[in-house]
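Let me begin by presenting the structure, written as structure tokens, before commenting on it.
Every read-out reported here was derived from the displayed coordinates using simple, explicitly stated rules and does not represent laboratory data. Remember, it's a predicted structure, so these values are computed and weren't measured experimentally. Every residue, glycine among them, receives a Cβ derived from its backbone with ideal geometry; neighbour counts consider all protein chains shown.
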Amino acid sequence: MKRSRIPLYTTIAVLVFFYLPIFVLIIHSFNASRFSGSWEGFSLRWYIRLFTEREIWYALRNTLIVAFSTTVVSMVLGTIAAFALHRFNTRLQRVHYTLIYTPLVVPDILMGISLLLFFVAIGVQLGLFTIFLAHTSFCVSYVAMVVLARLQDFDFSVIEAAQDLGANWWTIAWRVLLPLLAPGIAAGGLLAFTLSIDDFVITFFVTGPGATTLPIQIYSMIKHGSPPLINALSTILLVVTFLIIWTVQHLTEDERTHENA
Amino acid sequence: MMNPRNKSFGEWLVTLPSFVWLFILFVIPTLIVFTIAFKPADPWGGIGEGWTLDTLISLGNPNYPAIIWRTIWLSLVTTVVCIALALPMGYYIARAPARWRRLLLLLTVIPFWTSFLIRIFAWKVLLHPDGYVKRALVFLRLSEEGTMLLYRSEAVLLVMVYTLLPFAILPIFAAAEKFDFRLVEAARDLGAGKLRAFRQVFIPGIQRGLLTAVLMVLIPALGMYIIPDLVGGPRSEMVGNKIAQRTFVDRNLPHASALSAGLTLAVMAPMLVVLMMQGRRREEHEVR
Amino acid sequence: MLRNLTVVLMFAGLLTGCGERRAVLHVYNWADYMKPSLIRQFEQEFNCRVVIDTFDSNEAMFARLRAGATGYDVIFPSSYMVQIMINHDMLQPLNHELIPNIQHLDPDYLSMAADKECTYAVPYMLSNAGLAYRADRVEHVEPTWAMLDREDLRGRMTMLDDMRETIGAALKYLGYSLNTRNVEELEEARDVVIRWKRNLAKFENEQYKNGIASGEFLLVHGYNGDIMQVMEEEENVVYFVPREGVSIALDEMVIPVGARQPELAHHFINFMHRPEVAAENTEYVYFLSPNVAAYELIDAELLEDPSINLEPEILALSEVIEDLGEDNRLYTRIWDEIKAAE
């Protein structure tokens, strides 16, 4: 029986649609021209200029501070939450699940404005700390969901075996549960890290004096010029992202081979 | 096993950290938004004393319906286009051989992992009046020298589809992967046409994934702010832009809150439906 | 995995650790409004670090401050906004002993300031908002606001996303004061802006600079110095002051209540009015620093440029934007109606 070719053509068209702008951007980062209209020869000058732009390094530093703190805290909170959600089936957990799930679907702008109003109401100084609080609030949910998915394939008889052998709660968590869940937690952590690095809208709302992160810097670069610099910066970020995705893929792949074995 | 009291202590111990965090930094802020919507604004960016319904009433003023209407239709069209593209693509990926499937999936996910702002910026470069798309269109006689591709609602639509499409493909693929394609073959054997088999067997079969896809596109689209800001023009503002303008330019926090509260309610309704369905699925899972 | 994480965390700690010992001066300024090498010079002389955040309209800056952005040391509002900030007790009185260079201020321009005694604010630069076009792409240019009605430029023009500037442009076009409180005049201006809006690509405060340089936009409403910075790079861009008159803004330097480095902030303000610094800054940003001692050091041709030094007949028609107190609401309403119109 002949299958329709429409799905194939759509898939090809969509992939071209996905990658066309990204390729144009990468190619243009090597364009000597200051404006993206015409090609004026191959050049690395924008990459070189990028390294002398102090603001970018400063923004990168801020971004990394926020992203690392967010990742660590949301990994801890998210893993514990996933464990609670999985282990217990009570009314409390149903409320808990709703609480974890909702931030995943609320539009960024609503989270941004509500957190801004909250921080203003309690009089916290806006800055990197408020950005960290905001990022962690949405990253916890992502980590929890990723770890929860792993827990659902998890064989709890291992824990019962450990209990039978007289292990206490702490030993079980630290020695048995954590190593087995590590790939899931790591994948959740990487997700949190990328989300934190990429967030613009929420950060834009809760940022304060001097607390410029990379997306805020990129936004202001888009707004007042220097497109070739953005192209160069984007290319670097794309390469870094590919590396991260590759790592994640690698982590999950390892695990699959283990499972199959 | 642990005794019941111990168990409930343990449950609280592992529930509290995330619960308290999200209660303070998610529930309370949301409640504040709803509260401030009932406060009067003072003209200097403060929040006035007492309570009022004026802010809510002023949402009915003739300036708003146009923006609300535009937000709704742009979001709906985005959703329809995304689903229309994601259905055949999800179908194709699910039916592809395992190795291909993995690669195609990766190719779909990568743009979703790259910086959101940069992807929008890439379109600004592409749609520039002296850019490639424009030149190609002029060459093909599809566009005139003078027309502008950027800064109009169509540009907003295009970039929204671009950024939200992966959100539609993934759930549809996930559902299609579990779908038993022999059902389609069976329908074909019974004489159904290709399209009919697709529509009457495949689509009902992946209903849940389809619904998730609709929500994953529709909800962020309703709250979109940055895309109309960067590629939209003076006639393509959405509710998100209005919220930002009220907050960062007009310093009218009650107004911003009222708009946000309305938007929250607008996205809450479809969300609750999904939550209920997810809850049911979880229970089923647990029963098993 | 865990060990890698530790290494990464240490790296992050290293990043936070370095460079934080020096005092940090937080400056809140308009974009492209200060020569970067002067900031480096200040940092070296005073052994500190200057961190600059930018805003694109007075209203946006004010809203940010009201929404909890405390901790800036020096801010650059226009004089009408200085008045509003004084009214709200947001500013610190200045210690004139730390700013001896205010002796160089040009009395002609000081008279335009809201705070003529410099109790809270010291003038920084003088600007006006006119129009610029691409000489290679636009023909039959007349120096008037009516250029915004040109159908052949539809979709290739921008106006400032700034309610006072843009409504002000329409008021000037109609021959009214841009500080009018007359509702009929304002509604007439509203209808003009709505008519112009149909020809606009965007209301935009920053992208217009790059936009006109790259040929994306052909006619833009913008500030004189910003456009002249673009002209430096792209010779086809030309700025003109519409004959109906324009808005003149005197941007000032203030120290807000809650500044963490008030003394350094005073030094910064004083530094900006050293005659050689003020001159160098003006020659870079192309806005006029109202500093008499600096005039002698500035290239005479630049000083006489009619887009910096307005011609007398246009100057007579131009105005400084003033604070309108409660009547600001009128402008907000008109601006809303403009934004909502199809």
If a helix is a whole DSSP H run, which ones in chain B reach 15 Å or further along their own axis (Cα) and hold a mean Kyte-Doolittle hydropathy of at least 1.6?
B:116-127, B:207-222
For the range B:66-232: span of alpha carbons on each principal axis (Å, largest first):
55, 37, 30
The farthest towards the positive end of the charge dipole of the range A:54-260, of the residues A:I197, A:P179, A:P215, given +1 on Cβ of Lys and Arg and -1 on Cβ of Asp and Glu, is A:P215
What is the distance in Å between the Cα centres of the range C:106-145 and the range A:148-178?
71 Å
Label model pair C:N87, C:D152: point-to-point distance (7 angstrom along the Cα→beta-carbon line) in nm is 4.6 nm
Among C:K172/C:K202; A:K223/C:K339; B:K134/B:K242, which pairs are too far apart, with a Cα-Cα distance over 26 Å?
B:K134/B:K242
Long-range amide H contacts for C:I298: which residues qualify at under 5 Å (H placed 1.01 Å from N, peptide plane, sequence gap of 5 or more or a different chain)?
none
To check you understand DSSP bridge types, tell me what percent of the beta bridges within the protein assembly as shown (both residues inside) are antiparallel, rounded to 5.
60 percent
Stokes-Einstein D (µm²/s) once Rh is taken as the Kirkwood radius of the protein assembly as shown over alpha-carbon pairs, at 10 °C in 1.306 mPa s
54 µm²/s
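Assuming R0 = 41 Å, can you tell me the calculated FRET efficiency for the pair B:F34 and A:Q125, based on Cβ-Cβ distance, to the nearest 0.05?
Values: r = 25 Å, r/R0 = 0.61.
After rounding to 0.05, the efficiency reads 0.95.
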Long-range amide H contacts for C:V237: which residues qualify at under 5 Å (H placed 1.01 Å from N, peptide plane, sequence gap of 5 or more or a different chain)?
C:A135
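Shape of the range B:143-199 from its Cα gyration tensor (a ≥ b ≥ c, root eigenvalues): rounded if a/c is under 1.5, otherwise prolate when a/b > b/c, or oblate? Intermediate results must be reported in sequence, preceding the final value.
Working: a/c = 6.56, a/b = 2.26, b/c = 2.91.
Oblate shape, in that a/c is at least 1.5 and b/c is the bigger or equal ratio.
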When only Cα pairs under 8 Å and 6 or more residues apart are kept, what is the percent relative contact order across the range B:66-232?
36 percent
Could you name the lysines whose alpha carbon sits less than 22 Å from that of B:K178, not counting residues in the same chain fewer than 8 places away?
B:K194
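Which of the three applies to the range B:140-273, rounded, prolate or oblate, going by the alpha-carbon gyration tensor with a ≥ b ≥ c and a/c under 1.5 meaning rounded?
Numbers: a/c = 4.00, a/b = 1.66, b/c = 2.41.
The shape class here is oblate.
Please give the length that would be gained between B:Q207 and B:Y132 if that part of the chain were fully extended, namely 0.36 nm times their separation in residues minus their C-alpha to C-alpha distance (nm, one decimal). Intermediate values should be presented prior to the final figure.
Working: separation 75, 0.36 × 75 = 27.00 nm, distance 3.94 nm.
Gain on extension, B:Q207 to B:Y132, equals 23.1 nm.
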With everything on Cα atoms, drop me the angle between helix C:275-285 and the longest principal axis of chain C, reported from 0 to 90° to the nearest 10.
50 degrees
Dipole of chain B (Lys/Arg Cβ +1, Asp/Glu Cβ -1, origin at the Cα centre): which of B:P204, B:S58, B:F34 lies farthest to the positive side?
B:P204
Check: C-alpha center the range C:179-229 vs C-alpha center the range B:69-98, spacing in Å is 38 Å
What residues qualify as long-range amide H neighbours of C:Y124, i.e. H under 5 Å apart, gap of 5 or more or another chain, H built at 1.01 Å from N?
C:D251, C:E252, C:M253
Applying the gyration tensor rule to the Cα atoms of chain B (axes a ≥ b ≥ c; rounded if a/c under 1.5, else prolate if a/b exceeds b/c, else oblate), the class is oblate
A chain fully extended from C:D136 to C:R333 at 0.36 nm per residue, minus the present Cα-Cα distance, gains in nm 67.1 nm
Backbone N within the range B:232-273 under 18 Å of label point (7 Å from B:D54 Cα along the Cβ vector):
B:246-247, B:250-259
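Roughly how many debye, to the nearest 20, is the charge dipole of chain B about its Cα centre, given +1 on each Lys and Arg Cβ, -1 on each Asp and Glu Cβ, and no other charges?
On the way: 29 positive and 18 negative charges, 215 e Å.
Around 1040 debye, computed over chain B.
Let me check I've understood the local charge: for A:A134, count other residues with C-beta under 12 angstrom from its C-beta, Lys and Arg +1, Asp and Glu -1. What total comes out? Numbers along the way, then the final one.
Values: positive: none; negative: A:D108, A:D199.
Within the 12 Å Cβ shell, the charges total -2.
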How high is the FRET efficiency from C:S177 to B:V20, r the C-beta distance, R0 51 Å, rounded to 0.05?
0.35
Count the net charge of all other residues whose Cβ sits under 12 Å from the Cβ of B:P171, scoring Lys and Arg as +1 and Asp and Glu as -1.
+1
Candidate aspartates and glutamates - alpha carbon under 18 Å from C:K116, same-chain residues fewer than 8 apart omitted
C:D89, C:E97, C:D106, C:D108, C:D251, C:E252, C:E319, C:E322, C:D323
Could you tell me the calculated FRET efficiency between B:K194 and A:S43, based on Cβ-Cβ distance and R0 = 41 angstrom, to the nearest 0.05?
0.20
